[in-house]
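This report concerns only the one structure given below.
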Amino acid sequence: MTRTRGKKKPLFEPGLIPAPGCLLQWRDSQHFDPWQDRPCVLCDRPTPLRSHYGEPVHKACAENWIAANPVEARLGRFASDIQTSRRHDDDHA
């Protein structure tokens, strides 16, 4: 059995790290655990949300953390989902 050192492998592939003050795009259903609320790693209040690494965290807490820690944020602790290209015929306007 091999052990990995350092960061855990993401549960699914993260995308871009937003600039401080910008919003995370978490649209994938894997960010939501319908079965269990766990304490947020940043504020300790319960949340059903999960980061790409499976950490329980409120999206707003993660966005505030990115704004307060811009250098550390570049390491990818919290990131947006990979954006799929939009089809030209999905305009609902």
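Tabulated data for the structure shown
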quantity	calculated
For the stretch 17-82, convex hull volume per residue from C-alpha positions, Å³	72
Cβ-Cβ FRET estimate between Arg38 and Val71, R0 fixed at 30 Å, reported to 0.05	0.65
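Since every read-out is calculated from the coordinates, none of them should be taken as a lab result. From a predicted model like this one, the values you see are computed outputs, not experimental measurements. When we count neighbours, we look across all protein chains shown, and the Cβ atoms used for this are built from the backbone with ideal geometry, even at glycine.
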